[in-house]
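A short worksheet on the structure shown next.
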Amino acid sequence: MTSRITGTGSCLPAEIITNDDLAQVVDTSDEWISTRTGIRSRRIVKGESGASMAAEAARRALENAGVSAGEIQLIIVATCTGDLQFPGTACVVQKEIQADGAVAFDLGAACSGFLFALNTAHAYIQTGVYQKALVIGTEVLSKLVDWKDRSTCVLFGDGAGAAVVEASEEGLQGFVQYSDGKKGEVLSCISRPVENLIHRKEEGTDYRTPVSDYLTMNGQEVFRFAVKKVPECIHQLLDQTRTRADQVDWYILHQANSRIIQSVAKRMGVDEARFPMNMDRYGNTSAASIPILLDELNREGKLARGQQIVLAGFGAGLTWGAAKLTW
Ligand code: COA
């Protein structure tokens, strides 16, 4: 027994911010952003929340799978931008979609979040604990970026994607997952500081002193990490599942940057056409990027039953990994 994705859904905020719009507020240009990242526009919330987008993506995925909310036993929401400290976004989604029989919790692994959540749901399903799950990635990165910092604000966007995952004879064949906490500082964002009766926030509370209240990143370090570790872990997964790189129909990677994806394709000797991209329209939506792209391909009819698909995520933590599945 394994787990199979039987339906997908996504939800993007209505508001579109183009590179030219950003050039009005920071010293940048469409040419600089698009040549270095492949990003031309992104969506950002205006009224939507992480949970409202997640719930809508979940409804669409359930409809696509032909599964009712009442049948769902497990909801995992991957997010690093929850609307509330608690309850978790997954519990809000459970309420919104009336999945009263589900256990619901959040999982935080930044841009690898959807992949790790899918693997977690798979582990529950494979061991027979649950049969039907909803795996969701939802992010509101627009609240974590400093809109005055041109080196980061041009990269990210908001959105949500979801997948219904069910017990099946065919589906997920294997996965690999990694973390390297020692490199955590290359991409991080501080949470609420500790400030209480006996400790002032200025005294520092963390293993590192925050340099900003917003997301901070060493772009070149992150770039180097991604182009090395992603092909490495995909190769390992292909060995594990006894597959040649050219036998995979689609490589669906986290949509951070087109140059990272092009470099992975080149290092693997695989035609770039097998690495679909949509960051030109949505930017980097962190845990939401893989399920949003999966849903687009699914609804465009590009995914055929029996096709071999590799999903790969990478991001803050550092975290990275890949999963291989039969569609
Ligand atoms: N517009 C115009 N100029 C910008 C800019 C912007 N939005 N952002 C930075 N610059 C400037 C820098 O200030 C620097 O100027 P200087 O040479 O005068 O100091 C110059 O462009 C080069 O900056 P650098 O950081 O070296 O650029 P880069 O070629 O490394 O590209 C990234 C920056 C962020 C696009 C690139 O490092 C990257 O894509 N990294 C991966 C990031 C990522 O994907 N993170 C998420 C992973 S989940």
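Tabulated data
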| quantity | calculated |
| --- | --- |
| Qualifying residue in region 160-170 (condition: hydroxyl-bearing (Ser, Thr, Tyr) and either at positive phi or within 16 Å of the ligand (Cβ to nearest atom) (or both)) | no |
| Selection count where residues are part of a loop (DSSP other than H, G, I, E, B) and within 16 Å of the ligand (Cβ to nearest atom), scope region 63-87 | 3 |
| Filter result for the condition that a residue is in contact (Cβ under 8 Å) with a residue 40 or more places away in the chain, surrounded by 15 or more Cβ atoms within 10 Å (Cβ to Cβ), basic (Lys, Arg) and within 30 Å of residue 86 (Cα to Cα), over 40, 60 | 60 |
| First in region 293-316 and more than 30 Å from residue 188 (Cα to Cα), second anywhere and surrounded by fewer than 14 Cβ atoms within 10 Å (Cβ to Cβ) and not basic (Lys, Arg), Cβ under 8 Å, 6 or more apart | 308/247 |
| Strands (runs of 3 or more DSSP E) within region 212-327 that include 2 or more residues modelled with pLDDT of 95 or more, away from the ligand (no atom under 15 Å from the Cβ) and closer than 22 Å to residue 76 by Cβ | 308-315, 319-326 |
| Residue 90 vs. criteria outside any strand (DSSP E or B) and closer than 29 Å to residue 180 by Cα | yes |
| Condition met for residue 252 (closer than 22 Å to residue 180 by Cβ and out of contact with any Gly (no Cβ under 7 Å at 6 or more places or on another chain)) | no |
| Residue match in region 196-207 (condition: in contact (Cβ under 8 Å) with a residue 40 or more places away in the chain and either surrounded by fewer than 17 Cβ atoms within 10 Å (Cβ to Cβ) or under 17 Å from the mean Cα position of the chain (by Cα) (or both)) | no |
| Residues of region 34-62 satisfying the condition of being in a helix (DSSP H, G or I), within 13 Å of the ligand (Cβ to nearest atom) and of a type outside the set (S, T, N, Q) | 36 |
| One residue from 31, 15 being acidic (Asp, Glu) and within 13 Å of the ligand (Cβ to nearest atom) | 31 |
| Candidates 173, 220, 236, 240, filtered to the one that is more than 30 Å from residue 62 (Cβ to Cβ), surrounded by 15 or more Cβ atoms within 10 Å (Cβ to Cβ) and not acidic (Asp, Glu) | 236 |
| Top-ranked residue of region 164-179 - restricted to ones that are under 22 Å from residue 295 (Cα atoms) and among the polar types (S, T, N, Q), ranked as farthest from the chain's Cα centre (by Cα) | 168 |
| Residues (among the hydroxyl-bearing types (Ser, Thr, Tyr) and within 12 Å of residue 154 (Cα to Cα)) located in region 21-50 | 28, 29, 34, 37, 41 |
| Of all residues making up region 101-157, the number that are in a loop (DSSP other than H, G, I, E, B) and more than 16 Å from the ligand (Cβ to nearest atom) | 7 |
| Unmet criterion (only one of (1) in contact with a strand residue (DSSP E or B) (Cβ under 9 Å, 6 or more places away or on another chain); (2) among the β-branched types (Val, Ile, Thr); (3) closer than 28 Å to residue 227 by Cα) for residue 67 | (3) |
| Selection within region 5-32 - aliphatic (A, V, I, L, M), out of contact with any Gly (no Cβ under 9 Å at 6 or more places or on another chain) and part of a loop (DSSP other than H, G, I, E, B) | 25, 26 |
| Residue 130 vs. criteria touching a helix residue (DSSP H, G or I) at 6+ places or on another chain (Cβ under 8 Å), over 20 Å from residue 296 (Cα atoms) and free of Cβ contacts under 8 Å to residues at least 60 places away in the same chain | yes |
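For (1) polar (S, T, N, Q); (2) buried (at least 23 other Cβ atoms within 10 Å of the Cβ), each residue gets a yes or a no:
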| residue | (1), (2) |
| --- | --- |
| 45 | no, no |
| 54 | no, yes |
| 85 | yes, no |
| 93 | no, yes |
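The values are calculated or read from the model by the stated rules, or taken from the named source; none is laboratory data. The structure presented is a predicted model; accordingly, all values stated were derived computationally and were not measured. Positions of Cβ are backbone-derived with ideal geometry, glycine not excepted, and every protein chain shown enters the neighbour counts.
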